[in-house]
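Everything below concerns the one structure shown next.
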Amino acid sequence: MANNTEGRRDFMGMALGGFTALGGIGALYAMKRSWDPLPSVKAAGFTTVDLSGAQPNVLNVEKWRGKPIFVLEKTSEMKDFEGDLVIGSKRYTVVIGLCTHLGCIPAWAESGWKCACHGGEFNTSGQQTFGPPPKPFVVPPFSVNGTILTLGETGSESKAMIDARA
Ligand code: FES
């Protein structure tokens, strides 16, 4: 009888030890998962935009690091601006689509952007033209390779655009 009880205790001890070990492994795995960057964070660094499909006066809105990026191919009638991105014979406005007043997302209105929050307006180059916005839209860092923009990678083109708006 005593041997039977001891045998049962040994079995219970081993089973408990096994559960504890499994729990420990599970906890370590969960900790590793929580330390690893999320796939969305890993992918958030760079975003590519192909301008070959752009059309004049058609606003393309991309998303980069959770922010809207306005990409507009300008028409020949739209005013030139030294802060334009020029590729070949085409000119583009590439800006972060957040109002420089308090950060609302302005709406495209064919001849510029209008911000519904407090009435701010921006022209097709992204310069503030009316209302409370204190400065032009901000240019994101990007590099250019042919017609491909890589958002998140500072290149000479975006540096020149940022300098032109300073
Ligand atoms: Fe755009 Fe105020 S947030 S005008």
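Would you confirm whether any residue within the stretch 119-126 is within 22 Å of the chain's Cα centre (by Cα), away from the ligand (no atom under 16 Å from the Cβ) and surrounded by 15 or more Cβ atoms within 10 Å (Cβ to Cβ)? Let's see the steps before the verdict.
In the first step, residues of the stretch 119-126 are kept if they are within 22 Å of the chain's Cα centre (by Cα); the result is 122, 124-126.
When the remaining residues are screened for being away from the ligand (no atom under 16 Å from the Cβ), the result is 124-125.
Next, only the ones that are surrounded by 15 or more Cβ atoms within 10 Å (Cβ to Cβ) stay: 124-125.
Taking every residue of the stretch 119-126 in turn, at least one turns out to be within 22 Å of the chain's Cα centre (by Cα), away from the ligand (no atom under 16 Å from the Cβ) and surrounded by 15 or more Cβ atoms within 10 Å (Cβ to Cβ).
When the strands (runs of 3 or more DSSP E) confined to the stretch 80-166 are screened for residues that are over 21 Å from R65 (Cβ atoms), those reaching at least 3 such residues are found at 128-130. The residues of the stretch 52-106 that are within 16 Å of the ligand (Cβ to nearest atom), surrounded by 17 or more Cβ atoms within 10 Å (Cβ to Cβ) and free of Cβ contacts under 8 Å to residues at least 60 places away in the same chain, listed by number, are V95, I96, G97, L98, C99, T100, H101, P106.
Name the residue, out of A109, A116, that is within 16 Å of the ligand (Cβ to nearest atom), out of contact with any strand residue (DSSP E or B) (no Cβ under 6 Å at 6 or more places or on another chain), modelled with pLDDT under 95 and more than 23 Å from V144 (Cβ to Cβ). Talk me through it step by step, then tell me what you get.
Details: A116 fails: modelled with pLDDT under 95.
Being within 16 Å of the ligand (Cβ to nearest atom), out of contact with any strand residue (DSSP E or B) (no Cβ under 6 Å at 6 or more places or on another chain), modelled with pLDDT under 95 and more than 23 Å from V144 (Cβ to Cβ) holds for just one of A109, A116, which is A109.
The values are calculated or read from the model by the stated rules, or taken from the named source; none is laboratory data. No experiment lies behind these values; they were computed from the predicted model shown. Here the Cβ is made from the backbone with ideal geometry for all residues, glycine too, and neighbour counts use every protein chain on show.
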